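> Have a look at this one before I ask anything.
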Amino acid sequence: MEYKFRDIEKKWQDWWNVNQSYKVSNDTSKPKFYVLDMFPYPSGAGLHVGHPLGYIASDIFSRFKRLKGFNVLHPMGYDAFGLPAEQYAIEHGVHPATSTDQNIINFRKQLDNIGFCFDWDREVRTSDPAYYKWTQWIFLQLYQSFYNRITNKAEPIERLIKEFEQFGSSTKTSRTTVHQFTAADWKEMDAEKQQHILMDHRLAYCGFGEVNWCEALGTVLANDEVVNGVSERGGHPVIKKKLRQWYLRITEYADRLLEGLDRIEFSDAMKEMQTNWIGKSSGAEIDFEIRLTPGPSPDKEKGLGDEAVLRVYTTRPDTIFGVDFMVIAPEHELVEQITTPAQKIEVDEYIFFVKSRSERERMAEKKISGVFTGSYALNPFDQRAIPIWISEYVLAGYGTGAIMAVPCGDERDHKFAKHYSIPITNIIGKYYNGEDANATKEAVLENSGFLNGMVMRNAIEVAIGKLEELGIGMRKVNYKMRDAAFSRQRYWGEPFPIVWYNGVAYPMEESELPLELPKVDSYSSGPEGEGPLANFSEWVNVPSPPAPNHLRRGAGGEGKRETNTMPGYAGSSWYFLRYMDPHNNQTFCDRKISDYWGQVDLYIGGTEHAVGHLLYSRMWTKALYDLGHIGHDEPYKKLVNQGMIQGVSQMAYVRKGDFEEGVSIGKSNTINLGPNFPFASIDYNEPMLQLFSSDFINEGNKELYKPFNIPIEFVELNTSDLTRNKLNVELAIKSYPQRLNAIYIVPGAFYYKEKWWAWNEKQTKIEVIKGISFYTSSEVEKMSKSKYNVINPDSLIDKYGADTFRMYEMFLGPVEISKPWDTKGIEGVHRFLKKLWRLFYDELKGKLWTDEKPTADELKVLHKTIKKIEEDTERFSFNTAVSAFMICVNELADLKSHKKEILQPLLILLTPYAPHIAEELWNLLGNTSSILNAAFPAFEASYVTESSKEYPVSINGKLRTTIVIGLDIEQGEVEEIVLNNDVVQKWMEGKTPKKIIFVKGKMVNVVI
RNA sequence: GCGCAUGUGGCGUAAUUGGUAGCCGCGCCAGACUUAGGAUCUGGUGGAGUGAUCCUUGGGGGUUCGAGUCCCUCCAUGCGCACCA
């Protein structure tokens, strides 16, 4: 009986399906365990071998936990809203819903091939109205909440209204805003005005601010979606633009997002990234009086009121006596006021120069630039007049948009001072060498007035104290993180459940949800930065206000729907909750059920979501927790980041200059790919690549053709013609990659005698016949369709089976590590499964397994393996677990062990890794119930305990021999045995040992 | 530039706490069975040397009876941040 993996895998996948073997109940006495994968965006490209890596790891862990007696939730779904579907729609006229559904069908087929234990009854799709109804509902919860700074949590906005009614804007519960009003004022205000004020406090709010606008994509992007000044998707230029946008007030959660990191198991790298993104720093804000002339005498300036002060933010108030100039951002509001007439032209030129440059140019070029305003700030402690400069190295968006520059302590300030020859005051003595700034906190301060003689580290507090005492400064905490832009000018996203009346945003009633996306057939942008939805007036216009509620007093006339849609991360910020209770149409997730499942115990996914999805979903979870909708405030207990599987791109290329543009290479231009490589000819006019063997080897009287590479992924096989002397395969090139004039030769196989064969890869310079050199090389890079280096799991599964594929992906190395894909090793894993099969069945002899009692040796092998697999699986060391299985099967084969009592537990160990073969053999052993419900075998230490050990014996730390010594033997006796050993005596050369180190169960070291 | 990782055979990797470096697999070499090998099996495989033995975990230094593992330093690669005052 043979291992027919195709039949076996099909059979059990159907059986599990029919028997609903993966259905998970919410109602059980078992302990729970929640294993979650980052759900995929269903792109048209389908899965490559990198995608399933994390899914396989989580699948193994889920199955393992199930065997250990847990009720395991292991769901899967689709992050189905997003830009690519809409771009595809624009280009091909296919509705995003249609292409998305098509892609999902594809994905599902590919996922099913691998044999995952997902409970598909719990599938979610973020683009499904039944799902996004609750995304909209959660948005409304955020909209109707504010962050109470006293209780430090989100609370209903009604609470804030009560505060305003009682205390006006002096309430301490919420952020201070530009609005100043008394309780009486509040009551006087009309609803419209009140709503404007409330908007500035809501957790989801609409504001007018500078956003990342991407013209090419026609939408606004969040900070984490912009990389190096261009859009993360597509690499289009991004500019700053002032627009009306929705935001999430994530900044209010900055401290709790930081604090929560201590309570969750994320990698240090991941925590570091989030910490940096939040970017908390503490220091002080200091006000400096402004003078239009350098004199310290208080003079009445024209156009400058008494209140005109320059407010800066610094983390180092201890350096205040080292301030030699001030720098304000070019966008700073005081620029105009403080520019003196003499400097006006220069300043205007500089501002014009700054404005003319894109964000990208600004980042790329780091030349020092700036301009003096003509004005001065007064150092409050020594009345020194400090020139105020404008420079783009100070960012308008951070702190106060102005800094006090301390050149001896800050590198950037130092460079600026040197560049503009501004005199530098040294306040740190020998710590400053005149050449480089030194940001030390250890120096003893000099030239620093009342701070003289203090160590900087301690002076910080003293300086802040003094500033606060004088009322010219205050302690201040700053964050790099900004509120998250939450609206997109796109079609394919969740519509906002908001209707505008007279410029006031009114939330829709829960009963009116979901607000469905209208079916449309055009996706072009609306007017003035509006989304495509703005073009559909019958959807946008709401004839009369819906039933009034307390927020709608004053609403009247025609209403208009919000035409922006929510960003991609909206749906993914809470999907882990919906899986728990996916069909509930009364609430987003029943509280009892979310209390049962609680946190995601294990979350597996890539590092690319470090500061996007992972931060947003943490914030949503905290907000839902604050509002009492769930019982935990961190969504993920443990996060494991799978490494990226890179592709190896093989390419043949022409060096620029070796041939001129437009030169065509005819079919006769044959390229020889080195001594053992085939001839190839490329016709650029007719995209055709011919490869044929130049070389064959003689074996006896047979002529065999050397295997060679043919880029099957990007060329299509036309004909396969074998002649006596040469193998002639003609291939049509599907498309040309754009860079380097390169042709990618992709790892693959070639077709010969009606079969696919593996090919040999080598790096060679291709010798040329007609004067043009082609070179080949390989490069490890991200696996991507555009690079022709994608390995599709389907073909591998077809050739080797899902079990082999699963185990091979794990065998490749630790899950967290990124590595290039290499198909070659898969044979070894496949051989292992065949070898396992042969412990049960022989092709000729048939059934091998027996009911005989196992020997001590066999039991030892089994229990050693139980221990190893259990420990390795528990610590996500799946590669070593696969290796342990191989060792076990090798040893059992050596022992000719075919005993059911050994093999049966082994199958249970194996079933998380290779579920199909395990279930088949389990069934063949006569079991009637599924192996999925078996119990993980218990490790019995007694089977593996040894009575003696082969001790390594070293002389002076160098291993010289090994001696078998009983494990219960103590130091004294060991010394005697060791010293009497021939080899040891030889190496001691008659000397007396100084010391004998004996570590029981480990080793012996004789020191002479 | 700053921060964080990682460097082990021809290749992917193993060594969980400082205690026999190289497990397992690929590849390669030899052999068996074969029309054939792309199936299967057996043996070998870090390097040098006939050998005893010596060398070997990116380079150098240190701590220790003992270092792939800890410390210092340099080099290389990868990732993250990039004027955040």
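> Suppose each label sits 7 Å from its Cα in the direction of the beta carbon; what would the A:Lys441-A:Asn26 distance come out to in nanometres?
4.9
> If the reach is capped at under 17 angstrom between alpha carbons, list the aspartates and glutamates near A:Lys845, excluding any in the same chain fewer than eight residues apart.
Hits, sequence-local ones excluded: A:Glu2.
> Starting with the highest mean, order A:489-499, A:337-347 by the number of other Cβ atoms within 10 Å, averaged over the residues of each peptide.
On the way: A:489-499: 25.5, A:337-347: 15.7.
Highest to lowest by the protection proxy: A:489-499, A:337-347.
> Using the structure shown, list the pairs from A:Lys11/A:Lys32; A:Lys418/A:Lys476; A:Lys10/A:Lys109; A:Lys153/A:Lys637; A:Lys271/A:Lys638 with a Cα-Cα distance above 18 Å, or answer none. Kindly include the intermediate steps, with their values, before the conclusion.
Numbers: A:Lys11/A:Lys32 29 Å; A:Lys418/A:Lys476 30 Å; A:Lys10/A:Lys109 13 Å; A:Lys153/A:Lys637 21 Å; A:Lys271/A:Lys638 12 Å.
Result: A:Lys11/A:Lys32; A:Lys418/A:Lys476; A:Lys153/A:Lys637 exceed 18 Å.
> Now, a different point. With a 1.4 Å probe and every protein chain kept in, tell me what percent of the accessible surface of the stretch A:896-1008 is carbon plus sulfur. Please list the in-between numbers first.
Working: 2870 of 5750 Å².
The computed percentage sits at 50.
> May I ask you to give the percent of accessible area on the stretch A:448-515 that is carbon plus sulfur, with a probe radius of 1.4 Å? Before the final figure, lay out the partial values.
Values: 1380 of 2650 Å².
That fraction is 52 percent.
> Per the 1.4 Å probe, what fraction of the accessible area of the stretch A:70-185, in percent, lies on carbon and sulfur atoms? It would help to have the intermediate numbers written out before the result.
On the way: 2350 of 4670 Å².
Answer for the stretch A:70-185: carbon and sulfur cover 50 percent of the accessible area.
> Calculate, for the stretch A:381-492, the solvent-accessible area per residue in square angstrom, rolling a 1.4 angstrom probe over the heavy atoms of the protein chains.
Numbers: 5230 Å² over 112 residues.
With all protein chains present, the stretch A:381-492 gives 47 Å² per residue.
> Place the peptides A:380-390, A:466-476, A:912-922 in order of packing, highest mean first, counting for every residue the other Cβ atoms within 10 Å and averaging per peptide.
Values: A:380-390: 18.9, A:466-476: 15.3, A:912-922: 25.3.
Packing proxy ranking, top to bottom: A:912-922, A:380-390, A:466-476.
> Count charges around A:Ile963 for me, please; just the other residues with Cβ under 11 Å from its Cβ, Lys/Arg as +1, Asp/Glu as -1.
That sum, taken over residues with Cβ under 11 Å, equals 0.
> I've got another one for you. Give me the accessible area per residue for the stretch A:102-225, probe 1.4 Å, as a whole number in Å². Walk me through the intermediate numbers first.
Working: 5160 Å² over 124 residues.
Dividing the accessible area of the stretch A:102-225 by its residue count gives 42 Å².
> What's the local net charge at A:Ala934, with K and R +1, D and E -1, over the other residues with C-beta under 12 Å away?
Numbers: positive: A:Arg63, A:Arg66, A:Lys68; negative: A:Glu919.
That sum, taken over residues with Cβ under 12 Å, equals +2.
> Net charge near A:Val124: determine it from the other residues with C-beta under 13 Å of the C-beta of A:Val124, scoring Lys and Arg +1 and Asp and Glu -1. Provide the component values of the computation, followed by the final result.
Details: positive: A:Arg122, A:Arg125, A:Lys133, A:Arg578; negative: A:Asp37, A:Asp79, A:Asp119, A:Asp121, A:Glu123, A:Asp128, A:Asp581.
Within the 13 Å Cβ shell, the charges total -3.
The values are calculated or read from the model by the stated rules, or taken from the named source; none is laboratory data. All of these numbers come straight from a predicted model, not from anything done at the bench. With ideal geometry, Cβ positions are generated from the backbone for all residues, glycine too; neighbour counts draw on all protein chains shown. With ligands, DNA and RNA removed, areas are computed over all heavy atoms of the protein, side chains included. Shrake-Rupley method; radii C 1.70, N 1.55, O 1.52, S 1.80 Å.
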